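First the structure, in the form of structure tokens, and then the observations on it.
The values are calculated or read from the model by the stated rules, or taken from the named source; none is laboratory data. As the structure is a computational prediction, the values presented were derived from the model and not from experiment. Here the Cβ is made from the backbone with ideal geometry for all residues, glycine too, and neighbour counts use every protein chain on show.
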Amino acid sequence: MPVVEQGAGRVILIVHGGTGDLTAWAPVAERLARDFRVLRYTRPTYRLRPAPRGAAAVEVEVADALAMVRAAGGPVLIVGHSSGAVVALEAALADPAAIAALALYEPPLDVTHSPAGSAAVRRARSALDAGKPMAAMRIHLHELVGMPRRVVLPITLLPPIRKLFGSYADGQVADNEMLDALPVGMERFAALDRPVLLITGEKSPQHLRTRSADLAAVLPDIVDEVTLAGQGHGANAGAPDAVAAAIAAFADRVLPHGGGEPTSGELG
């Protein structure tokens, strides 16, 4: 598994969101690496071909995240973005003792669990299998993410965006299928007794901010909630200073000093 490691000291593991890879959080990682040892990797849904799907994707995603945590050594703060935040939560449920704390940026819990959402996931898969990745991504952006059609159509006509989506459509559709395979409801997170930071964007789709609020209502140890002014769901690229500052402040509160040095040399 390709891994990028920067900095030294207390450990932060970044689990990227959809339609991307380990480079998506490079600007934030560079800032955090001034004070922390920062690890990031490309998730199996975006690394493996064919991409794992459904319950199989949940299993391999959690296994990869926990392998990274265990190989890092010492207490680990796991930072998850979007579907990567769901992976972080699932990993913490699977092995709570392995993870010291979580920073979660808008996990889309339950977004694809409505009948309409599940139908959209199936139609995106059908479009992708028919050789229409742009159609699949338009379904994803409009019906699942919640972007207006007037925004989705123009951006998917831009050559750089078409190239990006062409590279990641297979992984994104599989990512949606992974989310659709998860249990419905927030109650199962009520026993997650780890410190949590919830990050939201002021301009993010309302359904994502609502999911974060619903999650906050059941988690027993919310240390902080940060709303990024003027930002949406992609502040890791749009406002890396603000994102890094929020995570660093949280890490200083929840990670003990002097921990987190490598123990095995197994990363990379």
Whether any residue in region 85-97 is assigned by TED's automatic domain parsing to the domain that holds Gln206, charged (D, E, K, R) and over 16 Å from Ala174 (Cα atoms) is what I want to check. yes
Residue among Val38, Val28 that is touching a Pro at 6+ places or on another chain (Cβ under 6 Å) and of a type in the set (A, V, I, L, M): Val28
Scanning region 206-257 residue by residue, the ones that are in a loop (DSSP other than H, G, I, E, B) and surrounded by 15 or more Cβ atoms within 10 Å (Cβ to Cβ) total 7
Considering residues of region 189-205 that are in contact with a helix residue (DSSP H, G or I) (Cβ under 7 Å, 6 or more places away or on another chain) and over 15 Å from Leu104 (Cα atoms) only, the residue surrounded by the fewest Cβ atoms within 10 Å (Cβ to Cβ): Ala190
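Do we have Val38 as assigned to a helix (DSSP H, G or I) and either within 21 Å of Ala239 (Cα to Cα) or assigned by TED's automatic domain parsing to the domain that holds Thr200 (or both) here?
no
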The number of residues in region 47-67 that are closer than 14 Å to His16 by Cα and buried (at least 23 other Cβ atoms within 10 Å of the Cβ) is 2
Checking the conditions here, which among Leu102, Leu48, Leu89 is within 18 Å of Gly9 (Cα to Cα) and hydrophobic (A, V, I, L, M, F, W, C)? Leu102
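Which ones in region 154-168 are without any contact (Cβ under 8 Å) to a residue 60 or more places away in the chain and in a helix (DSSP H, G or I)? Outline the logic, then answer.
Going residue by residue through region 154-168, those that are without any contact (Cβ under 8 Å) to a residue 60 or more places away in the chain are 154-163, 166-167.
Listed by number, the residues that qualify are Pro154, Ile155, Pro159, Pro160, Ile161, Arg162, Lys163, Gly166, Ser167.
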